[in-house]
Amino acid sequence: MFRRKFHLRTLMLALSVGGILLTSLLLLSALTLFQKGNIEDSLLESNLAYARKLADTTDRYLMTAQRELAYSASLIENFNDPNQLKQEANRLRLQSGFFNSVVIVSADAVITAASPESLGLIGLKLQSQTSEQAINAKKAFISEPFTSAAGNYVVLVSQPVFAKNGKYLGYLGGTIYLKKEGILSEILSMHFYDNKTDVSIVSSNGKIIFNQDTKLISKNFKPGVTLKEKLNSNRNGYFYDSDGNAGELVGYASMNQANWKIIISGAPDSVSRILLQTVINAFWFTLAIIALTAATVTFFSARISFPLERLVEFAKEEDSEVTLKKLSKINAWYNEADRLREAVMFHLQMVTRRVNKLSDEAMTDPLTGLYNRKGFDVLVKRHATTHEHCIIAIDIDHFKKINDKYGHTAGDAVLVALSARLKSVCIEDEIICRFGGEEFVVFLPDTPLSEAVTVAEGMRSHIDDEDFPYTGNVTISLGVASVRKNGNDINLALQQADEALYAAKSAGRNQVVVSQAQAS
Ligand code: GH3
Ligand code: MG
Ligand code: MG
């Protein structure tokens, strides 16, 4: 059954592209496998760095706020001048912009000044635990988040106020709103979170102080078991939290000014996204390599297959001489093609030699070495029929008698000697054949009839003059005919020459007769 075979260049192309695809596939699989861990690690590290950065920023902010408060506290000398207190509260709130509200509270927890005044807090005795803690602390203090007297969810940052004699007078406190716009949320919101990254600040009592999602503020922070353990045992760290269904990449850091923790958790799908992006990039890169390789391989495979294709094309030529000549000119620029070409040429030369030998044998008479009838037909065909050629038919006179008298071997010797003599009088282009028995034909190419007659007469007299083995003298009869005058028909000319030869025999032998049909 006929099956289509692929071209060498197609196979080379397929092999190269296939190789690249397979390699890329394996590399991508390896990349995906190993990179996943690396990406996770680097995301975890960046979450930790981010948490520490936020902790540091918030710490600095609280420190500065404390310094502002401390400075103001040092300016207040007594609680008896409400104007000074009011002025200081306003200055503190408006100048620094750190606090949403500022209160000055006496040692017996009564608000002596507040800014803004619109809160209507002056004279109010604070009952809250936070106020009590601030009074009891008698030093710089940052509260847990709580709901203030004015109903806001806040943290209180306070500094004690002492009289010159060292007596504790009360405290100066700034509140920071956690749910409303405040400087804390402003600072934290300035950071650029991935929308898949969750940032929380959690106070020591487990309340959420800050989250991008303001609805979560004041709610309890609910860490998983692992996160809880980590938060309790380390100040900073990161880990892969597999407590949830999806698993999370968590980084956390503790603040110094307040006992707050900053927790940053990223969904692991960012790992998949980064991996996918890597794979997409690698895909385009691979595609570019494939295009480049395909172009290069197409170019080189064409160059590689070119000598082989030429080899096939030329080997199909009918004429082996032409084939050999063309094969020798093929630029077989690499080893295998060169060896193949040499092998084909060697084989062709060998076959040609054998065929030539066989065809020479087939065209030659073994006894005399002259061409036989087949050889005559082949060689005569090489001459243009339109030219003027002549034929001489020759027959040995009374040859039978030689055989009879001296034997067949002597007859053969005479045949051989006669052949040699005919050869010696013929020029190169003339074709001498033994047609059978003791009959010969000579083809004279490009020879007019008159010249052929002269040649025939020369042959006759030469044979007549020569000595032959056994018999001494041998004579021949000859008939001459022109091919052109027989309508360029070789067979007709042969027949006419034979008839002329017959006429020569009849006329007494040892003579030349020109075909009567031609004689003018
Ligand atoms: P003519 O002058 O009329 O040609 O007489 P002839 O005897 O030459 O002619 P004929 O045709 O009667 O005899 C030809 C002889 O040639 C007959 C045959 O035995 C002999 N002969 C043919 N082929 C060979 C050969 O290869 N070797 C030998 N020795 N004799 C051959
Ligand atoms: Mg004869
Ligand atoms: Mg004869």
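Are there any pairs, at least 6 apart or on different chains, whose C-beta atoms fall under 6 Å, with the first in the stretch 496-518 and touching a residue at least 12 places away in the same chain (Cβ under 8 Å) and on the phi > 0 side of the Ramachandran plot and the second of a type in the set (A, V, I, L, M) and within 16 Å of ligand 3 (Cβ to nearest atom), and if so, which?
none
For residues in the stretch 12-67 being among the small types (Gly, Ala, Ser) and touching a residue at least 12 places away in the same chain (Cβ under 8 Å), which is farthest from residue 262 (Cα to Cα)? Talk me through it step by step, then tell me what you get.
The initial filter retains those residues of the stretch 12-67 that are among the small types (Gly, Ala, Ser), namely 14, 16, 18-19, 24, 29-30, 37, 42, 46, 49, 51, 55, 65.
Now narrow it down to the ones that are touching a residue at least 12 places away in the same chain (Cβ under 8 Å): 16, 24, 46, 49, 51, 55, 65.
Numbers: 16: 54, 24: 42, 46: 14, 49: 11, 51: 6, 55: 6, 65: 19 Å.
Looking at the filtered set, the residue picked out is 16.
Hey, which of the helices (runs of 4 or more DSSP H) in the stretch 331-417, taking only ones fully inside, have at least 3 residues that are within 60 Å of the chain's Cα centre (by Cα) and surrounded by 15 or more Cβ atoms within 10 Å (Cβ to Cβ)?
335-363
Just checking, does the stretch 279-296 include any residue being in contact with a strand residue (DSSP E or B) (Cβ under 8 Å, 6 or more places away or on another chain), at negative phi and hydrophobic (A, V, I, L, M, F, W, C)?
Scanning the stretch 279-296, I find no residue that is in contact with a strand residue (DSSP E or B) (Cβ under 8 Å, 6 or more places away or on another chain), at negative phi and hydrophobic (A, V, I, L, M, F, W, C), so the answer is no.
How many residues are closer than 15 Å to residue 83 by Cα and loosely packed, with under 15 Cβ neighbours inside 10 Å when one looks only at the stretch 104-122?
Total satisfying the criteria: 1.
Checking the conditions here, which among 86, 125 is basic (Lys, Arg), surrounded by fewer than 15 Cβ atoms within 10 Å (Cβ to Cβ) and under 22 Å from residue 152 (Cα atoms)?
Residue meeting the stated conditions: 125.
Among the residues of the stretch 285-296, are any touching a residue at least 40 places away in the same chain (Cβ under 8 Å), within 25 Å of residue 39 (Cα to Cα) and assigned to a helix (DSSP H, G or I)?
The answer is yes, given that some residue of the stretch 285-296 is touching a residue at least 40 places away in the same chain (Cβ under 8 Å), within 25 Å of residue 39 (Cα to Cα) and assigned to a helix (DSSP H, G or I).
Against the condition loosely packed, with under 13 Cβ neighbours inside 10 Å, out of contact with any His (no Cβ under 9 Å at 6 or more places or on another chain) and of a type in the set (S, T, N, Q), how does residue 328 come out, does it pass?
Values: loosely packed, with under 13 Cβ neighbours inside 10 Å: yes; out of contact with any His (no Cβ under 9 Å at 6 or more places or on another chain): yes; of a type in the set (S, T, N, Q): yes.
For residue 328, the condition - loosely packed, with under 13 Cβ neighbours inside 10 Å, out of contact with any His (no Cβ under 9 Å at 6 or more places or on another chain) and of a type in the set (S, T, N, Q) - is met.
In the list 16, 46, 101, which residue meets the criterion of being surrounded by 14 or more Cβ atoms within 10 Å (Cβ to Cβ), in contact with a strand residue (DSSP E or B) (Cβ under 7 Å, 6 or more places away or on another chain) and hydroxyl-bearing (Ser, Thr, Tyr)?
Only one candidate passes the filter, namely 101.
For the stretch 74-95, check the following and say yes or no: at least one residue is of a type in the set (Ser, Thr, Tyr) and within 20 Å of residue 137 (Cβ to Cβ).
Taking the stretch 74-95 first, the residues of a type in the set (Ser, Thr, Tyr) are 74.
Cutting the leftovers down to within 20 Å of residue 137 (Cβ to Cβ) gives us 74.
For the stretch 74-95, residues of a type in the set (Ser, Thr, Tyr) and within 20 Å of residue 137 (Cβ to Cβ): present.
Hey, among the residues in the stretch 128-147 that are buried (at least 19 other Cβ atoms within 10 Å of the Cβ) and polar (S, T, N, Q), which one's nearest to the chain's Cα centre (by Cα)?
So, considering only residues that are buried (at least 19 other Cβ atoms within 10 Å of the Cβ) and polar (S, T, N, Q), the one nearest to the chain's Cα centre (by Cα) is 143.
Between a first residue in the stretch 389-400 that is on the phi < 0 side of the Ramachandran plot and a second residue that is assigned to a loop (DSSP other than H, G, I, E, B) and within 8 Å of ligand 3 (Cβ to nearest atom), which pairs have beta carbons less than 8 Å apart while being 6 or more apart in sequence or on different chains?
395/438; 396/438; 399/437; 399/438
Tell me which residues, restricted to the stretch 472-506, are surrounded by fewer than 19 Cβ atoms within 10 Å (Cβ to Cβ) and within 16 Å of ligand 3 (Cβ to nearest atom).
475, 495, 499, 502, 503, 505, 506
Any residue in the stretch 424-436 that is assigned to a strand (DSSP E or B) and away from ligand 3 (no atom under 16 Å from the Cβ)?
Yes, the stretch 424-436 contains a residue that is assigned to a strand (DSSP E or B) and away from ligand 3 (no atom under 16 Å from the Cβ).
Kindly check whether there is at least one residue in the stretch 395-406 that is within 16 Å of ligand 3 (Cβ to nearest atom), modelled with pLDDT of 95 or more, among the acidic types (Asp, Glu) and under 20 Å from residue 480 (Cα atoms).
Yes; the residues of the stretch 395-406 include at least one that is within 16 Å of ligand 3 (Cβ to nearest atom), modelled with pLDDT of 95 or more, among the acidic types (Asp, Glu) and under 20 Å from residue 480 (Cα atoms).
In the stretch 252-273, what residues are farther than 20 Å from residue 184 by Cβ and surrounded by fewer than 17 Cβ atoms within 10 Å (Cβ to Cβ)?
Answer for the stretch 252-273, where residues must be farther than 20 Å from residue 184 by Cβ and surrounded by fewer than 17 Cβ atoms within 10 Å (Cβ to Cβ): 269, 270, 272, 273.
Of the numbered conditions (1) within 15 Å of ligand 2 (Cβ to nearest atom); (2) surrounded by 15 or more Cβ atoms within 10 Å (Cβ to Cβ), residue 445 satisfies every one except a single condition; which is it?
Result: residue 445 fails condition (1) only.
Looking only at residues in the stretch 381-412 that are among the charged types (D, E, K, R) and in contact with a strand residue (DSSP E or B) (Cβ under 9 Å, 6 or more places away or on another chain), which one is nearest to ligand 2 (Cβ to nearest atom)? Working first, answer last.
Start the filter on the stretch 381-412 by keeping residues that are among the charged types (D, E, K, R), which leaves 381-382, 388, 395, 397, 400-401, 404-405, 412.
In the following step, the residues that additionally are in contact with a strand residue (DSSP E or B) (Cβ under 9 Å, 6 or more places away or on another chain) were identified as 388, 395, 397.
On the way: 388: 29, 395: 4, 397: 6 Å.
Here the residue is 395.
Would you check if there is a residue in the stretch 444-460 being within 20 Å of residue 376 (Cα to Cα) and assigned to a strand (DSSP E or B)?
Yes, the stretch 444-460 has at least one match.
The values are calculated or read from the model by the stated rules, or taken from the named source; none is laboratory data. Bear in mind the structure is a predicted one, so any value in this text is a computation, not a measurement. With ideal geometry, Cβ positions are generated from the backbone for all residues, glycine too; neighbour counts draw on all protein chains shown.
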